[in-house]
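Peer 1: Could you have a look at this structure, given as structure tokens, before my questions?
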Amino acid sequence: MELVDKLNCTGCMACVSACPRQCIDIVKGKLGHLYPKIIGEQCIECGKCRRTCPEIVPLTFHSVSKSYAAWSMDKENHKSSASGGAAAEFYYQALHDDFWICGVEYREDFHVVHTLTDSMAAVSRFKQSKYVYSEMGTVYAEIEKLLKCNKKVLFISLPCKVAGLLGFLGKHYCNLLTVDIVCHGTPSHENLRNHIFSIDKENKASKLKFRMENEFLFDLSDAAGTDIYRRIGREDTYLAAFLEGLNYRDSCYYCSYAKPERVSDITICDFWGLGLELPFDHPYMGAVSAVLVNTEYGRSFVEKCKRRLFMEERPVWEAVKGNAQLKAPTEIHPKRKAFESLYKTHGFEVAVKRCLNEEMKKESRRLLKRRLRRMVRGVVGIFIKKYRR
Ligand SMILES: Cc1cc2nc3c(=O)[nH]c(=O)nc-3n(C[C@H](O)[C@H](O)[C@H](O)COP(=O)(O)OP(=O)(O)OC[C@H]3O[C@@H](n4cnc5c(N)ncnc54)[C@H](O)[C@@H]3O)c2cc1C
Ligand code: SF4
Ligand code: SF4
Ligand code: SF4
């Protein structure tokens, strides 16, 4: 039995969860990405893995019917989320309506794993983008069990993981609400681990944050919250590789979900193009999400969230135009091949620095200018205050 070509395998692991003989192993491929591998002798050739795979059996895609600029009106929630805080507001509403909720959280050694729960406490662990491959664990089967018992479930994840869930279930459930997060690609956990180890030799780090409002950062701290390391954007090797699209799994460069039509009931992303071509008159400077409504179930759920989520309707084209991954997959980086061979011989840090030397230097110059500007503004501010007195 052959699974889908490696170039198209998203690592959703729906096939692994579906196999009745549990004879699909998970193995490491290049750059540490994880792939399913059938153990030949145990396979009974039932074909369930292929019937489950969303890259072999195509799913239904929905056209976006409405688009909103949105952010949580709860300042604390907004600040602690990666973008506008829509995901957390969806979780709160769902828990209020007796749903079970699924999201991802950091586990031991910075593995990012999907978790199914009915507990409010989990929402704070689900918040924030984790820019790395997320593992499915056993949630597909757990979700199916709940749906069959008529429990409601809200599943928020990357589009290929939503597709994996839908492929695994193989039929429509009215009590399942899906939300996908627009995505430009994921590095492997191995890359993340290598990078953290290069910074934190004593293994003290226990918290990692990638976003603060519209800024990308790599912020590592220990259990007490003390900063161990903090770099902004491409100053950091891991973020440089991530933002430049150097180290994603192969399927990300051929992603079936990087288009305006969506597999989920609702889509959320950053609203990068907001106000560029049409006026947006709200005096607001923080991160703003785009909430795209793709089905009737999605529309009725989003309506309920308006009590806590500021939402202004915007034309769908505005959200699509500003967001590259609503149009096409990330292009393969011209230095990808060089990166792969350097990674093998010299490891992650050296490979990134050699391939993205120019980009990293440019970022350092940009940040230095910004820091100087801030310093000058601060000094001028002190003089003005003194002069006025
Ligand atoms: C790998 C990755 C790539 C992204 N690329 C883009 C992009 O190209 N363009 C864009 O507009 N937005 C992108 N985003 C989404 C963006 O960073 C915000 O997460 C999104 O706008 C939602 O923000 P929020 O404030 O509502 O929720 P957040 O606070 O970001 O809530 C996070 C939600 O995302 C889920 N989540 C976080 N990390 C992962 C993960 N690794 N796998 C599965 N689920 C995860 C959490 O479980 C939770 O449901 C990406 C996110 C990730 C994780
Ligand atoms: S064909 Fe059936 S037994 Fe063989 S790997 Fe696929 S699901 Fe498992
Ligand atoms: S089901 Fe998912 S993990 Fe399995 S072969 Fe298909 S894309 Fe790959
Ligand atoms: S880019 Fe596509 S294939 Fe890659 S992680 Fe994102 S949704 Fe999945």
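Peer 1: Sort the chain into rounded, prolate or oblate with this rule: let a ≥ b ≥ c be the square roots of the eigenvalues of the Cα gyration tensor; rounded if a/c is under 1.5, and if a/c is not under 1.5, prolate when a/b is larger than b/c, oblate otherwise.
Peer 2: oblate
Peer 1: Need one word for region 76-131: rounded, prolate or oblate. Basis is the Cα gyration tensor (sqrt eigenvalues a ≥ b ≥ c); a/c below 1.5 gives rounded, then a/b vs b/c decides.
Peer 2: oblate
Peer 1: Could you compute how much accessible surface Glu135 exposes when probed at 1.4 Å, giving the result in Å² to the nearest 10?
Peer 2: Roll a 1.4 Å probe over it and Glu135 shows about 50 Å².
Peer 1: Accessible area of region 66-326 with a 1.4 Å probe: how many percent of it is carbon plus sulfur?
Peer 2: 53
Peer 1: Now for a different question. State which entries of Lys161/Lys304; Lys37/Lys127; Lys161/Lys327; Lys37/Lys353 exceed 27 angstrom in Cα-Cα distance in the structure shown.
Peer 2: Long pairs (Cα-Cα over 27 Å): Lys37/Lys127; Lys37/Lys353.
Peer 1: Please give the calculated 222 nm ellipticity per residue for the chain, where each DSSP H segment of at least 4 residues contributes -39500 (n - 2.57) and the sum is spread over every residue; nearest 500 deg cm²/dmol?
Peer 2: Roughly -10500 deg cm²/dmol at 222 nm, from the helical runs in the chain.
Peer 1: Just the accessible area per residue of region 66-326, please: how many Å² with a 1.4 Å probe?
Peer 2: Here the residues of region 66-326 average 40 Å² of exposed surface.
Peer 1: Using DSSP to define loop residues, name the chymotrypsin sites (Phe, Trp or Tyr not before Pro) in region 284-389 whose beta-carbon has at most 15 other beta-carbon atoms within 10 Å.
Peer 2: Answer in residue order: Tyr284.
Peer 1: Follow-up question, since we're still on this one. Could you check the spin-label model distance between Ser65 and Tyr254? Points 7 Å from the Cα along Cα→Cβ, value in nm.
Peer 2: Inter-label distance under the simple model: 3.4 nm.
Peer 1: Identify which of Lys152, Lys344, Lys201 has the largest mean-square fluctuation in a Gaussian network model of the chain, with springs joining Cα atoms closer than 10 Å.
Peer 2: Checking each option, the largest mean-square fluctuation is seen for Lys201.
Peer 1: So, one more: Only sites in a loop by DSSP and with at most 13 other Cβ atoms within 10 Å count here; which GluC sites (Glu not before Pro) in region 232-270 make the cut?
Peer 2: The qualifying sites are Glu261.
Peer 1: When only Cα pairs under 8 Å and 6 or more residues apart are kept, what is the percent relative contact order across region 66-326?
Peer 2: 26
Peer 1: Right, next: Given a Förster distance of 25 angstrom, what is the FRET efficiency for Glu213 paired with Arg377, based on the Cβ-Cβ distance and rounded to 0.05?
Peer 2: The calculated FRET efficiency here is 0.85.
Peer 1: Here's something else I'd like to know. In this model, which of Lys28/Lys337; Lys75/Lys201; Lys6/Lys335 are farther than 24 Å apart at the alpha-carbon?
Peer 2: The pairs that break the limit, which is 24 Å between Cα atoms, are Lys75/Lys201.
Peer 1: Here's another thing I want to ask about it. Label Lys362 and Lys48 with points 7 Å out from Cα along Cα→Cβ: what is the distance between them in nm?
Peer 2: Here the modelled spin labels are 5.0 nm apart.
The values are calculated or read from the model by the stated rules, or taken from the named source; none is laboratory data. Just so it is clear, the structure is predicted and the values come from calculations on it, not from any experiment. Heads up, the Cβs are rebuilt from the backbone with ideal geometry, glycines too, and the neighbour counts pull from every protein chain shown. Heavy atoms of the whole protein, side chains included, go into the accessibility calculation; ligands, DNA and RNA do not. Shrake-Rupley method; radii C 1.70, N 1.55, O 1.52, S 1.80 Å.
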